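Q: Please see the structure below; I have some questions.
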């Protein structure tokens, strides 16, 4: 009996160590990719890239993230792909930030969006890590929410309603917040063992929260 208890304790200890390793590697890689994106955004802004570059980089990063990254995530090539994907997103973000900086309070809008994104991510991550809850029950809400948001986005292409745009931004923030809880919870509970894919998921959530906060603050500024 004692031998069995010892083996059980050893397995649990190894599992906890592996989980902590995945979480640590995820946060380290996430910090590196966010920093790289910031550099690429600054480069894009210094080059005066047009807004069209945002859409091109967004589409290219989506293709790489959906079809290339999952196939390379278990190899060293996955690190190169994740930096390529996040670098493209950062480069495309440059024209977006430049556009908001043209507002009368543009610098405040961008700074507030950055600060708000950081506070939300750190708060949600801290809660998921400390509570160790299983957030997989949010999967249905996220799935339905995505379809609703996509449908509303298509509708707003034709209607161009500011209030609908505001609602969409709020909806995206809620969905991304749920994804952060789900992804972090999956790592903590051992359901996610690939730190590259975990980093990609968290990065996209942070990216979309930042874009949505920019839109909300930009609309509330009254300059557009």
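The values are calculated or read from the model by the stated rules, or taken from the named source; none is laboratory data. None of these values were measured; they are calculated from a predicted model. We place every Cβ from the backbone using ideal geometry, glycine too, and count neighbours over all the protein chains shown.
Residue-wise test of (1) in contact with a helix residue (DSSP H, G or I) (Cβ under 7 Å, 6 or more places away or on another chain); (2) in contact (Cβ under 8 Å) with a residue 60 or more places away in the chain.
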position: 89; (1), (2): yes, yes
position: 110; (1), (2): yes, yes
position: 118; (1), (2): no, no
position: 152; (1), (2): yes, no
position: 184; (1), (2): yes, yes
position: 188; (1), (2): yes, yes
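Q: Further, regarding this structure: Which of the helices (runs of 4 or more DSSP H) found entirely inside the range 45-152 contain at least 3 residues meeting this: surrounded by 16 or more Cβ atoms within 10 Å (Cβ to Cβ)?
A: Filter on the range 45-152 gives 52-63, 77-101, 106-131.
Q: Checking residue 22 against (1) modelled with pLDDT under 95; (2) under 27 Å from residue 126 (Cβ atoms); (3) surrounded by fewer than 15 Cβ atoms within 10 Å (Cβ to Cβ), only one condition comes out false. Which one?
A: Only one criterion is unmet by residue 22, namely (3).
Q: Further question on the same structure: When you check residue 171 against the structure, is it within 21 Å of residue 217 (Cα to Cα), surrounded by 13 or more Cβ atoms within 10 Å (Cβ to Cβ), at pLDDT 90 or above and over 16 Å from the mean Cα position of the chain (by Cα), yes or no?
A: No, not satisfied.
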